[in-house]
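The values are calculated or read from the model by the stated rules, or taken from the named source; none is laboratory data. This is a predicted model, so every value here is computed, not measured. For neighbour counting, all protein chains shown are included, and Cβ atoms are generated from backbone atoms with ideal geometry for every residue, glycine included.
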Amino acid sequence: MAELLVVPALLAYGEAAVAYAGELRGLARAGRLGIWGVRVGWLAQTALLAVQALAGEGFPWATWAGALNLFVWLVVGVYLVWGCRPRYRLLGLALMPLAVALLLTAWAGGGTGVDVATHPGVLLAAHAGLMLAGFAGLTVAGGMAALYLWEERRLKRRDAAVFRLRLPPLEALDRLSSRVALVGLVLLGGGVAVGLTTLERRDLDAAMGVTFGILVLYASAAALRREGMLHGRRSAWLQLVGLLLVAIVLPITHFAS
Amino acid sequence: MNIHLVGVSHHQARIELRERVAVDLDGSATLARRLADGCEAVVLSTCNRTELYLAADTEQPLEERAVQTLLDLAGAEDGSMAPLLYRLADESAALHLFRVAAGLDSLVPGEGEILGQVRDAYEAGAPGPLLDRLFRMALHAGRRARVETAIGESPASVPAAAAALAQQVFEALEGRRVLLVGAGRMSELTARNLRSRGARVTAVANRTSGHGRSLAAQLESRAVGLDDIGDELRECDIVVSSTSAPGFVLDADVLGPGLRSRHGRPLLFVDLAVPRDVDPRLAGVDGCFVYDIDDLEAVVQASLVGRRAEAARAERIVAVEAERFREWQASLAVVPAIASLRARAEAIRAAELAKAEGRLERLPESERRIIEAMTAQIVNKLLHLPTVRMKEAAVTTEGVVYADVVRHLFGLEEEQQP
C-alpha cells in the first residue's frame, strides 16, 4: 500500500506544473498554488523513499527506475531551496513537467516499489547517491539556464510583460545557475572518485566515458567563467548542452554498457 | 469618541491652491501641537494633499476648528478654498486614511513615498489613544497592501522604468557603472534615479564640454568627449543617452566589434532621445539590451495597468482593516460599562471575603490563597461570557442598548450618582 504514495506525489507535481503554466498566462495566485503542489508532492515522495529505505533490507535505489525515483526527489528538493521565493517560482515551469515525466517513468519501471533492494555495499551506495545528487544539481542548473535564455529573449525583444511575471534578474540567474552547476560538479566528482575505488581497469565502459566528458565540460565552463571569458547566453547554452548529455547520451550509454 | 478629517487634495484643488496650505514636517508638528488643545491632532501634508485629523472623546466643534485652520493657512479671502475642502468623520475618515496609506488615493496608485509620509506625520503629530490606534492601523493596512499585492512593484515613470529595467538585468545596482551620453534633463533625472539605487555615474559624454562638465561635477563624475564613448563602453554596465543629434551617436558598425571583448557581460542601453541615439542593431550583440523611449513608455503603461488591477485587491485589504478599526472603535462604547461591571463584581468579592475574615484567619496561609484565587476565578468565569457578548454587540448598533441594560441590571448607574 505504501507504494501508492507515488500517486499523491505525482498528482501534486502535476498540479504544480499546471499552476506554473497558469501563472505564465497571468492567473493570479497560480504561482502560490504551484509551490504548494511542489511542497506536498515532495513530502509524499519523501515518505515513499523513507518507506522504501525502511522496508528494503539493502539499497532500494540500485535499479535504474529506483535511481530515477531518488533523482526526481533530489531535483525537486534542490528546486525547493529557491522555488519558495516568488521570483524563482517560474523555474518550476521548466522543472516540474520533467519531474512528472521522470517519476511516471520510475513508477512504470517499478522504481517506486517497497520490496526492491540489493546489497551493493556502502561504497557503491555512496557512489550512486553522490552521482544522482550531482546530476540533480546539473539538472536544476540547466533549468535555470533555460529560464535565463527565455527571459533574455523577452528582454531583447523589449517585452514589457517581463515586469508582470516577477522573474529573477538575469545576472542573478546566470550566477546562480553557475554556482549550482559547480556544486553538482563537485558532487559528481566525489561520486566518480568513490566509484573509481570500486573499479578495476577492465570495468571502464562508455557510460563512464560520457560521465568524464560531462565532468570535463562543466569544469571547463567553470574555469572559463572564473577567468571572465564566459557569461550569460553562452554560459547558459553550455549548461543546456551539458544537461542534454546527461539526459540523453548518459542513459543510452548506460544501457548499452 | 469622534474623529474629524478636513483636507484638500489633488482630486479637487490645483497646485496653486494646494501649495498655499502645504507645510513641511516641522510645520505640521507645530500645527498639530497648536490644534491639540483638548483634543488629539495629526497633520498630514504632502505634495498631493494637506489633511488635518482631529479626535476627541467629548463633543467639540473640531470640524470648524480644522476648517478655520486650513482657511487661515491658505489666506484665501476670495473664498476659493472653502468649497474645495472635504470633510469626513469617523468611519469615512478612517477608511480615507487607510486608502491614503495604501497609496490608493495617490495620483499613481501604490506610489511608494506616501506610507513614509503618513508615518512621519503620525510621529510628528499629537495623537492620543484614538488617533494613535487609527494611524498605527493605517500604517499596517498600507504595509499589507504593498506586501500582499504587487501595487507598488512596477515602475510608474520613465526614469523609474529605466531603473527597474536595470534591476531586472543586474539585480542590485550598487557599484554599477553608468555612462551618460548627452546632458539633457531626462537623462539627468534617470541618472539621479539610478544613483539613488546605488549606481555610480562614471562619465558624462557630451558634445559641448561646458554643460557636460557642470553635470559631471553635480553627479561626482568626469566629463569626456563623444569620441571617448568606445573606450568607456568596455567598462560600464548602463548607458543612458539623450542628445539632440540627428543620427545615431552609438552606431553598431563602429561600436559592435569593441563590445565583443565584454564576453557577453550585460550592457543596457537606455535611449531617451528623439531621434534615437542608439543604433537598435546593437541589441544583436551578445549581452546588449537596447530600450528606447517608446519601450520605456510601454513599460510604464503596462505597469500602470498592472497597478490598477492590483489596486482592486488592495482596496479589499483596506476595507478589511477599516472594518477592524470600526469594530475596535465601536467596542469603546461598551468599555466603560464592562469596566464598571468588573469593578462592581470585584468590590462584592472583596467585601464578602472581608466579612468572612474572622472565620478564614484560622486557616493556613496556603489555603487562604486558594480561596482568594478561587473566588477571583468564579468572578472571572461568570463575567467572561457577558463581556464577550457585549463586545460582540458593540460591533452592531445594539452595543449601547446592551451597555444600558447591564448598567440597569447591576445598578451601575446608581453607583455613578454622587
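Among the numbered conditions (1) within 11 Å of chain A (Cβ to nearest Cβ); (2) of a type outside the set (Val, Ile, Thr); (3) over 20 Å from residue B:200 (Cβ atoms), tell me where residue B:237 comes up short.
With (1) within 11 Å of chain A (Cβ to nearest Cβ); (2) of a type outside the set (Val, Ile, Thr); (3) over 20 Å from residue B:200 (Cβ atoms) applied to residue B:237, the lone miss is (3).
Going through the range B:159-192 one residue at a time, which ones are buried (at least 20 other Cβ atoms within 10 Å of the Cβ), in contact with a Ser or Thr (Cβ under 6 Å, 6 or more places away or on another chain), over 24 Å from residue B:116 (Cβ atoms) and not small (Gly, Ala, Ser)? Walk me through how you get there before you give the answer.
Restricting attention to the range B:159-192, the residues satisfying the condition of being buried (at least 20 other Cβ atoms within 10 Å of the Cβ) are B:159-166, B:168-170, B:173, B:176, B:178-184, B:187-188, B:190-191.
Then keep just the ones that are in contact with a Ser or Thr (Cβ under 6 Å, 6 or more places away or on another chain); that gives B:159, B:162, B:180-182, B:184, B:187.
In the following step, the residues that additionally are over 24 Å from residue B:116 (Cβ atoms) were identified as B:180-182, B:184, B:187.
Within the range B:159-192, B:180, B:181 meet the criteria.
Would you check which residues across the range B:262-299 are more than 10 Å from chain A (Cβ to nearest Cβ) and β-branched (Val, Ile, Thr) and list them?
In the first step, residues of the range B:262-299 are kept if they are more than 10 Å from chain A (Cβ to nearest Cβ); the result is B:267, B:269-279, B:281-282, B:285, B:293.
Scanning the range B:262-299 gives B:270, B:274, B:278, B:285, B:293.
Which of the following residues is touching a Leu at 6+ places or on another chain (Cβ under 9 Å), assigned to a helix (DSSP H, G or I) and within 14 Å of another protein chain (Cβ to nearest Cβ): B:302, B:322, B:337, B:311?
Just one listed residue meets the conditions, B:311.
Residue by residue, here is whether (1) at pLDDT below 85; (2) surrounded by fewer than 18 Cβ atoms within 10 Å (Cβ to Cβ) holds:
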{"site": "A:180", "(1), (2)": "no, no"}
{"site": "A:186", "(1), (2)": "no, yes"}
{"site": "A:218", "(1), (2)": "no, no"}
{"site": "A:228", "(1), (2)": "yes, yes"}
{"site": "A:234", "(1), (2)": "no, yes"}
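Name the single residue that is nearest to the chain's Cα centre (by Cα) among those in the range B:139-158 being surrounded by 24 or more Cβ atoms within 10 Å (Cβ to Cβ) and in a helix (DSSP H, G or I).
B:142
Kindly establish whether residue B:12 is in contact with a Phe, Trp or Tyr (Cβ under 8 Å, 6 or more places away or on another chain) and more than 24 Å from residue B:143 (Cα to Cα).
So residue B:12 passes the test.
Can you list the helices (runs of 4 or more DSSP H) found entirely within the range B:343-418 that contain at least 3 residues being of a type in the set (A, V, I, L, M, F, W, C)? If you could, list the steps in order and put the result at the bottom.
Values: elements: B:357-360, B:365-395, B:399-409, B:412-416.
In the range B:343-418, the matching helices (runs of 4 or more DSSP H) lie at B:365-395, B:399-409.
Quick test for you: out of B:351, B:356, B:339, B:309, pick the one residue that is among the small types (Gly, Ala, Ser), closer than 30 Å to residue B:270 by Cα and free of Cβ contacts under 8 Å to residues at least 24 places away in the same chain.
After ruling out the rest, the residue left standing is B:309.
Answer yes or no: is there a residue in the range B:289-307 that is among the basic types (Lys, Arg), modelled with pLDDT under 90, closer than 26 Å to residue A:172 by Cα and surrounded by 17 or more Cβ atoms within 10 Å (Cβ to Cβ).
So far as the range B:289-307 goes, yes, one or more of its residues are among the basic types (Lys, Arg), modelled with pLDDT under 90, closer than 26 Å to residue A:172 by Cα and surrounded by 17 or more Cβ atoms within 10 Å (Cβ to Cβ).
Could you say whether any residue in the range A:88-98 is at pLDDT 80 or above, part of a helix (DSSP H, G or I) and within 12 Å of residue A:70 (Cβ to Cβ)?
There is no residue in the range A:88-98 that is at pLDDT 80 or above, part of a helix (DSSP H, G or I) and within 12 Å of residue A:70 (Cβ to Cβ).
Name the residues in the range A:205-216 that are surrounded by fewer than 16 Cβ atoms within 10 Å (Cβ to Cβ) and either touching a strand residue (DSSP E or B) at 6+ places or on another chain (Cβ under 9 Å) or not acidic (Asp, Glu) (or both), would you?
A:206, A:209, A:212, A:213, A:216 - these are the residues of the range A:205-216 that are surrounded by fewer than 16 Cβ atoms within 10 Å (Cβ to Cβ) and either touching a strand residue (DSSP E or B) at 6+ places or on another chain (Cβ under 9 Å) or not acidic (Asp, Glu) (or both).
Which is crowded, with 18+ Cβ neighbours inside 10 Å, modelled with pLDDT of 90 or more and within 23 Å of residue B:26 (Cβ to Cβ), of B:85, B:73, B:97, B:104?
Selected residue: B:97, the only one of B:85, B:73, B:97, B:104 that is crowded, with 18+ Cβ neighbours inside 10 Å, modelled with pLDDT of 90 or more and within 23 Å of residue B:26 (Cβ to Cβ).
How many of the residues in the range B:260-288 are surrounded by 19 or more Cβ atoms within 10 Å (Cβ to Cβ), assigned to a helix (DSSP H, G or I) and out of contact with any helix residue (DSSP H, G or I) (no Cβ under 6 Å at 6 or more places or on another chain)?
1
What pairs can you find where one residue is in the range A:165-176 and more than 8 Å from chain B (Cβ to nearest Cβ) and touching a residue at least 24 places away in the same chain (Cβ under 8 Å), the other is assigned to a loop (DSSP other than H, G, I, E, B) and not charged (D, E, K, R), and their Cβ atoms are less than 8 Å apart, with a gap of 6+ or different chains?
The qualifying pairs are A:165/A:90; A:174/A:231; A:176/A:168.
Quick check on residue A:182: is it within 14 Å of chain B (Cβ to nearest Cβ) and either part of a helix (DSSP H, G or I) or hydroxyl-bearing (Ser, Thr, Tyr) (or both)?
No, not satisfied.
Conditions tested, residue by residue: (1) more than 21 Å from residue B:92 (Cα to Cα); (2) modelled with pLDDT under 85; (3) surrounded by 12 or more Cβ atoms within 10 Å (Cβ to Cβ); (4) out of contact with any Asp or Glu (no Cβ under 6 Å at 6 or more places or on another chain).
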{"position": "B:346", "(1), (2), (3), (4)": "yes, no, yes, yes"}
{"position": "B:349", "(1), (2), (3), (4)": "yes, no, yes, yes"}
{"position": "B:358", "(1), (2), (3), (4)": "yes, yes, no, yes"}
{"position": "B:384", "(1), (2), (3), (4)": "yes, no, no, yes"}
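Is it the case that residue B:253 is among the charged types (D, E, K, R), assigned to a helix (DSSP H, G or I) and within 14 Å of chain A (Cβ to nearest Cβ)?
So residue B:253 does not fit the description; no.
Looking only at the range B:51-63, decide whether some residue is of a type in the set (Val, Ile, Thr), under 27 Å from residue B:119 (Cβ atoms) and free of Cβ contacts under 8 Å to residues at least 40 places away in the same chain.
Going residue by residue through the range B:51-63, those that are of a type in the set (Val, Ile, Thr) are B:58.
Okay, now just the ones that are also under 27 Å from residue B:119 (Cβ atoms), so none.
The answer is no; no qualifying residue exists.
Output the residues belonging to the range A:150-164 that are assigned to a loop (DSSP other than H, G, I, E, B) and within 7 Å of chain B (Cβ to nearest Cβ).
Correct list: A:158, A:163, A:164.
Sort out which residues of the range A:165-176 are out of contact with any Ser or Thr (no Cβ under 9 Å at 6 or more places or on another chain), charged (D, E, K, R) and part of a helix (DSSP H, G or I), and write them in order of number.
A:171, A:175
From (1) surrounded by 18 or more Cβ atoms within 10 Å (Cβ to Cβ); (2) within 30 Å of residue B:99 (Cα to Cα); (3) within 14 Å of chain A (Cβ to nearest Cβ), pick out the condition that doesn't hold for residue B:197.
The failed condition is (1).
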